[in-house]
Amino acid sequence: MQKEIILALNRLFPKQRHPLNLNNSGSETYAEWQYEKGADTLSCYAGYCSEKDILDGKNILDMGCGAGGKSLYYASHGAKHVTGVDIVERYARESAELADKLGLGGKFTFVTASAAELPFPDGSFDTIIMNDFMEHVSEPEKALSEALRLLSPGGKLFVNFPPYYHPFGAHLSDAINIPWAHVFFSEKALIAAYKELVRGLPDEKERLSLRFSEKPGGGEYISYINKMTLRRFKKIIREKNVKPVYKKEIPLRPFLMPLAMLPPVKEAFVKMAVYVFGK
């Protein structure tokens, strides 16, 4: 019954602009969409430093780089060299194609690896960027430890992520347009509705394998996210005894700032959590 309600309500809400749908329509690839968003990512830190401060002459690690579009934005805007890391193997080809198109092959390297165990020596990077990454990684505590290990003395780690109770925190908005759907409906119903909505699409299999996994005891769950909340992230950094040199919680809209500051509901009205750590 919940599935049918989701499908009916879904028609009432506008479709979200999503890279998977843009790619299917031939408008632009996922890597190209990421490249477009490079400046937006860095603007999160405008209250602390400029884009130039983050990139200029820096050896950069982009953790959870996806198809490498944002990595290539950093490479084209002053970085000395950018290493992009992601666990999804097919992104290596997509990132290489855009790197060649932009003439940035010499300033970018893609590495397929787990963020919990990276093949680099201690202190290898001046700047490490975790953009829209902390809510996806399966072992966020280990990923954070790795980032701190790899950061050079005087370097900076930049972290930004949408908390789980963000309107589209379930990361199913390529098909499900309903805000806060994961709050109002069960995970089982969301998965069933999503499967129906993407049935027959050219990349149906890729979407399903990216989004969902089998539970050990049977049944499926949304494995693309780890349900990272503001509270959980604060607990992680407290337990690791690392203190940010800068932090900010960006509301969904400026006029919603009071709700984004109100403890009982703030998780639902914060668009982006922003942190900077130093070494």
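The values are calculated or read from the model by the stated rules, or taken from the named source; none is laboratory data. Everything numeric here is computed off the predicted structure, so don't read it as measured data. So basically every Cβ, Gly included, is an ideal-geometry build from the backbone, and we count neighbours across all protein chains shown. Surface accessibility is based on the protein's heavy atoms, side chains included, excluding ligands, DNA and RNA. Shrake-Rupley method; radii C 1.70, N 1.55, O 1.52, S 1.80 Å.
Scanning segment 144-185 for residues that are over 16 Å from Ser223 (Cβ atoms) and among the small types (Gly, Ala, Ser) returns Ser145, Ala147, Ser152, Gly154, Gly155, Ser173, Ala175, Ala181. Annotation: of all residues in segment 201-244 being among the polar types (S, T, N, Q) and not in a loop (DSSP other than H, G, I, E, B), the one that is farthest from Phe185 (Cα to Cα) is Ser209.
Only helices (runs of 4 or more DSSP H) whose full extent lies in segment 7-99 are considered here, and the ones with at least 2 residues that are under 27 Å from Ala175 (Cα atoms) and modelled with pLDDT of 95 or more are 30-36, 38-43, 69-76. The criterion of being buried (at least 20 other Cβ atoms within 10 Å of the Cβ) and not polar (S, T, N, Q) holds for Leu150. For segment 233-258, the set of residues classified as within 14 Å of Tyr275 (Cβ to Cβ) and either under 20 Å from the mean Cα position of the chain (by Cα) or among the acidic types (Asp, Glu) (or both) consists of Phe233, Lys234, Lys235, Ile236, Ile237, Pro244, Tyr246, Lys247, Lys248, Glu249, Ile250, listed by residue number.
Could you list, in sequence order, all residues of segment 197-216 that are under 20 Å from Lys15 (Cβ atoms) and exposed (fewer than 12 other Cβ atoms within 10 Å of the Cβ)? Correct list: Arg199, Gly200, Pro202. Evaluated against (1) within 22 Å of Arg93 (Cα to Cα); (2) in contact with a Phe, Trp or Tyr (Cβ under 8 Å, 6 or more places away or on another chain); (3) open to solvent by 50 Å² or more (accessible area, probe 1.4 Å); (4) among the small types (Gly, Ala, Ser), Ala75 falls short on exactly one condition, (3). Summed over segment 100-118, residues that are out of contact with any helix residue (DSSP H, G or I) (no Cβ under 8 Å at 6 or more places or on another chain) and assigned to a loop (DSSP other than H, G, I, E, B) total 3. Candidates are the residues of segment 178-196 that are in contact (Cβ under 8 Å) with a residue 60 or more places away in the chain and aliphatic (A, V, I, L, M); the one that is most open to solvent (accessible area, probe 1.4 Å) is Val183. Failed condition for Gly219, given (1) touching a residue at least 40 places away in the same chain (Cβ under 8 Å); (2) out of contact with any Leu (no Cβ under 7 Å at 6 or more places or on another chain); (3) open to solvent by less than 80 Å² (accessible area, probe 1.4 Å), with all others met? Just one mismatch for Gly219, condition (1).
Among the residues of segment 119-154, those that are outside any helix (DSSP H, G or I) and free of Cβ contacts under 8 Å to residues at least 40 places away in the same chain comprise Pro119, Pro121, Asp122, Gly123, Glu139.
Taking the conditions exactly as written (at pLDDT 95 or above, part of a helix (DSSP H, G or I), β-branched (Val, Ile, Thr) and closer than 30 Å to Lys58 by Cβ), does Ile191 satisfy them or not? So Ile191 fails the test.
Within segment 245-262, being open to solvent by less than 80 Å² (accessible area, probe 1.4 Å), free of Cβ contacts under 8 Å to residues at least 40 places away in the same chain and closer than 19 Å to Tyr48 by Cα holds for Glu249, Pro251.
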